[in-house]
Structure formats: C-alpha cells, structure tokens
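Student: Quick one: structure below, then a few questions.
What follows is calculated from the coordinates using simple rules that are stated; it is not laboratory data. Predicted, not measured: the structure shown is a model, and the values here were computed from it. Quick reminder, even Gly has a Cβ in these numbers, built from the backbone with ideal geometry, and neighbours come from all protein chains shown.
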Amino acid sequence: MNTDKKNIDDFINNNLEKKVVVVQGLGFVGAVMSLVCANALTEEYAVIGVDLPNKQSLEKINKINSGIFPLESSDPKIQLFYQNSLDKKNFYATYDEYAYSKADVIIVDINLDVQKISVNFGDLESYDVTLDPFKKAINSIALNCKEEVLILVETTVPPGTCKKVVYPIIKDVFDSRNFDIGKVSIGHSYERVMPGPNYIDSIQNFYRVYSGIDEMSSKKTEDFLKTIIKTDEYPLTKLHSTNSTEMAKVLENSFRAMNIAFVVEWSRFAEEAGVNFYEIIDAIRMRPTHKNIMYPGIGVGGYCLTKDPLLASWSRKNLFNGDGILKQSEMGVRINDKMPSYAISFLKANLLAQKIKLKNVALLGVSYRSDVGDTRYSPVENFYLQLQNFTEKIYLTDPYVKYWDEIQKEIILDFKKVLSKSLDSVIITTSHSEYRSSKILLDLLMNRLLLAYRLNVRLLYLY
Ligand SMILES: NC(=O)c1ccc[n+]([C@@H]2O[C@H](COP(=O)([O-])OP(=O)(O)OC[C@H]3O[C@@H](n4cnc5c(N)ncnc54)[C@H](O)[C@@H]3O)[C@@H](O)[C@H]2O)c1
C-alpha cells in the first residue's frame, strides 16, 4: 500500500493554526464523531479520520474524500455538518497511520468484538474476547504519536482496559522511542451516540461521563470535551478512574439489556397464558414509577447490547480475577439472543391457530432498530432465516439499507413497491417511523390484511 503522507501533509498545511484531531475508526461512531469535531463549538479543528486499508474501509475513506458521507441516516444534521466540513476543507480521511504523528488529540473509536459461538439460531454456547486487534490499534498510535498527545478512548472496552492494556502498551513503545510517559494524556469517555434521527445531537447535545489515568489526563479530556459538547446545558460527569467510566458504560448497556430480557421472559409467560401483554404493559405504565417498563419486540440487536454485558463479565473473570462471572447479565444476553426464535414459534402457533399458510411475505425493516441503517446482529436476521423454512417468497425492504451484508442480499428501499406485490402477509420487523406513519399500512391493518409481528409498533397487533 502506498503512503498517503503527501496528502496528509497538504491537508495539514491547508489547515495551519488549527489543532489536529485524529479519529481512529470511521464506523458508526467514528465517522459521526469526526463530523462533530470538524464542527466543534468553541475551537477550529482539522480532523483526520483513519481506518484500515481493507476494501470496505477504503471505500468509506474514498467516499469521505470525494464528497459523499458513507452513512445513511435520517438525521438532517449529518449532511449539514458534512457539507460544512467540505466547505471548510477541515475533514480528511486516510488509511495511513502517519496521520497520528500530526495529532494533538487522538480519539479511539474502533470496534472491540466479542466472539460468540451460538447454535440453533441464538443458543449461546460460549464466547470469548480477543484484545489483539485493539492492542494492535493502540500500538499503531503509540508508534506514531507525539509525546504530548491526548489519547481519548471512546471504544466500549472491558473495565480495566485503559490501565491494564492501553497504558502498558503506550509506556513500552514510549520507552523504546525515548519519550517521557509522563507527558502523554490518556482519557476515557464513552459514547452514548444513538444512530437515528438525533445522531449528531446524541453526541453534541448530550450528557457525558469522563475520566483520565491521572489528573492531567482527566483535565485535558474535560477541556477537549467542552469544545465539542454543549456542556453548559449538558454538564459533564467526572468519575475518579478509568476503571469507573469503563464500568459505567457496560453497566449502562447491561441495565438496558437486562430490562429487555426481563420483559422477554414475561412476554413468553403472557403468550402461554393467552393474554395481551401490550395491554398489561400499558396498564403498568400508568404508574409513574413504572413508566419505563419496556414492550417486547422480535429481539435485541445491534452491536452494543448484544455484547457489552459479556465484555463486563469477561473483564470480571479475566482482568480482575473476580469472584465468578456476572451471571444475570450473561443470562440477559442469552434470553435476548433467543428472542427471534421465540417470535418464530409465536408466529407459527398463531398461523396454525388461524389456519393461515404463508406464501408471499414481506418483511418491513431489516436493520436492528428504528430509523437506522445498521444491520449488525439484527434480530431480523435469525427471524428471516427461520421464516424461510415455511414460506415460499420473502420480500425484504428497508429505507436505510441498500444491501444486507450479513445475508448478502439486495434490499428494496421503497416499501410501497413491496406492498404493491401480491402478498398474503406483511410483517413489520423494524419500527421505522415511515411505517408507523404510513396510511397505506394503517389501512391494510384496519382491513385485517396484515399480519404484523413487531408488536412494539403501537398500532400493530398480531391477529
Ligand atoms: N454504534 C453505536 O451505536 C455505538 C454506540 C455507543 C458506543 N459504541 C461503541 O463504539 C465503538 C465503535 O463502534 P462502531 O459502531 O462505530 O463500530 P464500527 O464497526 O462501525 O466501526 C469501527 C471502525 O473501526 C475500524 N478499525 C478497526 N481497527 C482499526 C485500526 N486499527 N485502525 C483504524 N481503524 C480501525 C473498522 O474498520 C471500522 O470501520 C464500539 O466499541 C462500540 O461498542 C457504538
């Protein structure tokens, strides 16, 4: 691979006077975090996004540099922020680690995956966490960065990672470069970004928790966050160690995953008892202290809730030699992973009871949640794979997904095109706003032509 040194140097020369922020990882978080930095509130930054030199990432890099933002989003601010960065010429993307040498701040927004082994569409047999790619990424920063840089880790990591993994790597490399480890700052501040209609606001106009490996790191992290987040309206929360902020992140997501698993279990009971669970939840929600009890859906998906409780449990065992695993949190993931299979059995039972045979079915929505184009670990995947066994033809549609990578299928963007086919059933699998506000869908429903499973779409019930 050729170097991109010249382009990086040109970019820096065209942005002299500006501090340089380098974002490592141009995925769902990093690409949008880059935009937020390029549109910082109280400072002018030159932003360089770095991703890996593989086919998929190079496509993203090329798009960013040629005027196309690589993520589909319903948030109009994304295009606005991207256009501003094009006008200001302060956002460049590259695969070249040389970029780290120019940075005043490096933000780590790469993935850190859990390897799950599952059978029978969602039975979690075992899992493991491999830190090697993450370590390699930190190493590439340490080898190239300046001595006085702020390295801000935003990746969701097993608690303990900044102190037990990041710091030792940087120290070793700094020693070999004759750099003073006392000069580098390492902060941790986790993302609460919500891809969807408020994508940008979920970073710029939202509460943040932060910490540093020492007081200087903590202060530098705070100063940096204040330049990109409206902290007068959304004050920052400082925690006293990186172990704490790292734990806060995985606890936050485990709490949500557990709430969902709890409701999933009860919804199974409600199915067995033949009662309308939605009616029950609505009744309970009248009580102010119980307003946030959740509705069940066809499953929990996405990159975070499906793995974060496992990252926490793995950390307890492997980084802190703790007293066992986080049993309940692991169980939550297990229950949630099975939800698409429960949905299939529920559907089958209802079809049988109503003597309906599915032939031509449309699935509305393949992404893991409403109004986003992210199909990673979408519950619709296992639902679709099992549905194939008892239908002749399945049409897939989603306004945010042109190509479903995991299944390797083209997706029809316009659901109205799908509804014009000869269908015997339509199943709402993702509660995109477009479907919720659709008059055509509502009419179909009223005429009872629709078989709708995604029951947390308020209007739709299975009958
Ligand atoms: N997606 C969300 O909604 C969300 C929300 C909050 C937190 N997070 C956390 O943020 C982190 C990133 O998530 P994401 O959804 O953006 O993941 P992603 O997979 O979309 O993006 C990660 C990117 O990092 C790149 N990458 C990996 N190793 C690299 C390296 N060594 N150098 C440069 N680039 C590298 C990958 O190629 C990829 O493009 C994860 O820890 C995730 O748990 C995600």
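Student: Work out the FRET efficiency for K135 and K6 from their Cβ-Cβ distance, taking R0 = 22 Å, and round it to the nearest 0.05.
Tutor: It comes to 0.15.
Student: Which is farthest toward the positive dipole end of the chain among V165, W266, L319, measuring Cα position about the Cα centre, with Cβ charges +1 (Lys, Arg) and -1 (Asp, Glu)?
Tutor: Positive-most Cα among the choices belongs to W266.
Student: Also, I was wondering about something else. Considering amide H positions built from the backbone, and no H for Pro or chain starts, which residues 5 or more places from I107, or on another chain, come under 5 Å of its amide H?
Tutor: Sorted by chain and number, the residues that satisfy this are V22, V23, Q24, L152.
Student: Here is a further query. By how many degrees, 0 to 90 and rounded to 10, does the Cα axis of helix 76-88 deviate from the longest principal axis of the chain?
Tutor: Tilt of helix 76-88: around 30 degrees.
Student: Report D for the range 207-289 in µm² per second (integer): Stokes-Einstein, Kirkwood Rh on Cα pairs, 25 °C, 0.890 mPa s.
Tutor: Taking Rh from Cα pairs, D becomes 153 µm²/s.
Student: If you don't mind, another one. F269 versus Q115, label points 7 Å from Cα toward the beta carbon: distance in nm?
Tutor: Label at F269, label at Q115, 3.8 nm between them.
Student: Can you give the Kirkwood hydrodynamic radius of the range 333-386 from its Cα pairs, in Å with one decimal?
Tutor: By the Kirkwood definition, the hydrodynamic radius is 12.4 Å.
Student: Also, quick follow-up: Starting from one equal scatterer on each C-alpha and no solvent at all, send me the Debye-based log10 I(q)/I(0) for the range 6-59 at q = 0.24 Å⁻¹, two decimals.
Tutor: -0.97
Student: Net charge around G30, counting only other residues with Cβ within less than 9 Å of its Cβ (Lys, Arg = +1; Asp, Glu = -1)?
Tutor: Values: positive: none; negative: D51, D109, E154.
Combined, the nearby Lys, Arg, Asp and Glu give -3.
Student: Please check which bits of the range 173-205 a label hung off K88 would reach, taking the label as a point 7 Å along Cα-to-C-beta and the cut-off as backbone N under 20 Å.
Tutor: 199-205
Student: Continuing with the same structure: Can you compute the charge dipole magnitude of the chain about its Cα centre, using +1 on each Lys and Arg Cβ and -1 on each Asp and Glu Cβ, nothing else charged? Give it in debye, rounded to the nearest 20. Write down the numbers at each step before the final one.
Tutor: Details: 56 positive and 57 negative charges, 230 e Å.
In total the dipole reaches around 1100 debye.
Student: Taking only the alpha carbons of the range 257-397, what extent do you get along each of the three principal axes, in Å, biggest first?
Tutor: Here the Cα extents, ordered largest to smallest, are 54, 35, 28 Å.
Student: A follow-up question, please. Using only the alpha carbons, work out the radius of gyration and Dmax of the chain in angstrom.
Tutor: Expressed in Å, the Cα Rg and Dmax of the chain come to 23.5, 76.
Student: Pairs of Cα atoms under 8 Å, at least six residues apart: use those to get the relative contact order of the range 60-205, whole percent. Walk me through the numbers on the way to the answer.
Tutor: Numbers: 174 pairs, mean separation 36.8, N = 146.
After rounding, I find 25 percent.
Student: Taking the convex hull of the alpha carbon atoms in the range 49-193, what volume per residue do you get, in Å³? Can you show the working numbers first?
Tutor: Details: hull volume 21.7 nm³, N = 145.
With only Cα atoms used, the range 49-193 gives 150 Å³ per residue.
Student: Using modelled backbone amide H atoms (1.01 Å from N, in-plane), which distant-in-sequence or interchain residues come within less than 5 Å of Y127's amide H?
Tutor: Correct list: I117.
Student: Further question on the same structure: Pick out, from V50, F69, G187, the residue whose Cα sits farthest towards the positive end of the charge dipole of the chain, with +1 on the Cβ of Lys and Arg and -1 on the Cβ of Asp and Glu.
Tutor: The Cα lying farthest towards the positive end belongs to F69.
Student: Now for a different question. Would you mind ranking W404, W266 so that the residue whose beta carbon has the fewest other beta carbons within 10 Å leads the list? Please report the intermediate quantities before stating the final value.
Tutor: Values: W404 19, W266 15.
Ordered from fewest to most neighbouring Cβ atoms within 10 Å, W404, W266 come out as W266, W404.
Student: Could you give the angle, 0 to 90 degrees to the nearest 10, between helix 167-176's Cα long axis and the longest principal axis of the Cα atoms of the chain?
Tutor: Rounded to the nearest ten degrees, it is 30.
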